[in-house]
1. Return the long-range amide H neighbours of LYS119 (sequence gap of 5 or more, or a different chain), with a cut-off of under 5 Å between placed amide H atoms.
2. Fewest first, what order do HIS16, HIS184 take by the number of other Cβ atoms within 10 Å?
3. Compute the angle between helix 235-251 and the longest alpha-carbon principal axis of the chain, please, reported from 0 to 90 degrees and rounded to the nearest 10.
4. What FRET efficiency do you get for GLU115 and HIS145 if R0 is 35 Å and r is their Cβ-Cβ distance, rounded to the nearest 0.05?
5. How far apart, in nanometres, would the label points at ASP220 and ARG336 be if each is projected 7 angstrom from Cα along the Cα-to-Cβ direction?
6. Taking amide H positions as placed 1.01 Å from N in the peptide plane, with prolines and chain starts having none, which residues 5 or more places from THR297, or on another chain, fall under 5 Å of its amide H?
7. With axes computed from alpha carbons, what is the tilt in degrees of helix 63-72 against the longest principal axis of the chain, rounded to the nearest 10 within 0 to 90?
8. Within 15 Å, Cβ to Cβ, of ASP132, how many net charges do the neighbouring residues add up to if Lys/Arg are +1 and Asp/Glu are -1?
Amino acid sequence: MGKILITGGAGYIASHTNVELVKEGYDLILADNFCNSSREAVRRVGELTGKELSLYEVDLKNIEELRALFDREPDITAVIHFAALKAVGESVAKPLMYYENNITGSLNLYRVMDEKGVKQLVFSSSATVYGDPATVPVREDFPVHATNPYGQTKLMMEQILMDAAKARGWDVTILRYFNPVGAHDSGRIGEDPEYPNNLLPFVSQVAAGIREKVMVFGNDWDTPDGTGVRDYIHVVDLAKAHVKALERLKVKGGVSIFNIGTGKGYSVLEMIEAFSRICGHPVPYEFGPRRSGDIATVYGDPTLAKRELGWEAELGLEEMVASAWKWQSLNPKGYRG
Ligand code: UD1
């Protein structure tokens, strides 16, 4: 069995995926530019798995660095491509940086894979590609539509990959994640954002007393309690979907696209209530205006992933919130503490 290159290998989703892959006996090569991640995460994955991981500081924007990595690691047979910038608001303010990083980085990766004859890739995509869907749950064959530069880059990265796969006979699995949350049950690895833009990391910090209160972005949405509804997916379940995706690439060629979610939506208030229950005290919140670009409801139909990948989410809201709280409590300063 060849080695698997993990781009963005020190990040939140990669760290959890790396744990599952090493458990299954995969040999990993990690590449990361550490613009939004830390070596400590990689060290802790090593500690959890009892195996030190090969790690390269590589920026995908630099094709020479990438070539040098492939030259030193001739046994790479497949890639899981996580590396990308992912903050929606920042992408609106700095679109060129987003296109440069996400598109140039991916083009360089695909080009070097082509040069080296690597033909298998699992791509980290996002439910953001469905934009504001006409109906829910969304299926993989729904129209795609980006509403901001970040979403646009994910769509473009998918499209470029599909074209390359067709032309070069690559085997590609595109995973469209819904809202990844939670942490490893050891409490050793988790999400460590510089500033929490997403709901659950923000709620965690409020629960821990680091921030004063959660601002709920609108309570006048067309949803049962007026707050936004999303399909939250435990990061460990999400990690396991990557193992299934790699396994499937060995037996099934071509391009496949899968929604990776639970198929169930929870509102912002349900998430805050669940967190309050788990942490043992009410998490303070206040209703504020809607966030620009937000939508009322999105959740996915994960039927295809179950049928074709043999994957389905096993962990529920309780485990998502409890693991997020354990990570927050044990690591109040994230990996810096
Ligand atoms: C966001 C991105 C999406 C990206 C995903 C990755 C936006 C508009 N969308 O999705 O493109 O793929 O993250 O994880 O940023 N909320 C609050 N208060 C907060 C934070 C969030 O009320 O402080 C609400 C939001 O209005 C939404 C829900 O919580 O209803 C979830 O928000 P968030 O965690 O930011 O995820 P998405 O917006 O679904």
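Any read-out appearing in this document is the output of simple, stated calculations on the displayed coordinates, not a laboratory observation. Note that the structure is predicted; figures quoted are calculated from it, not measured. For neighbour counting, all protein chains shown are included, and Cβ atoms are generated from backbone atoms with ideal geometry for every residue, glycine included.
1. The list, which skips near neighbours in sequence, is empty: none.
2. HIS184, HIS16
3. 30
4. Details: r = 33 Å, r/R0 = 0.95.
Using R0 = 35 Å, I get an efficiency of 0.55.
5. The answer from the label model is 3.7 nm.
6. The answer is VAL229.
7. So the helix axis and the longest Cα principal axis differ by about 60 degrees.
8. On the way: positive: ARG230, ARG290, ARG291; negative: ASP222, ASP231, ASP294.
Residues close to ASP132 contribute a combined charge of 0.
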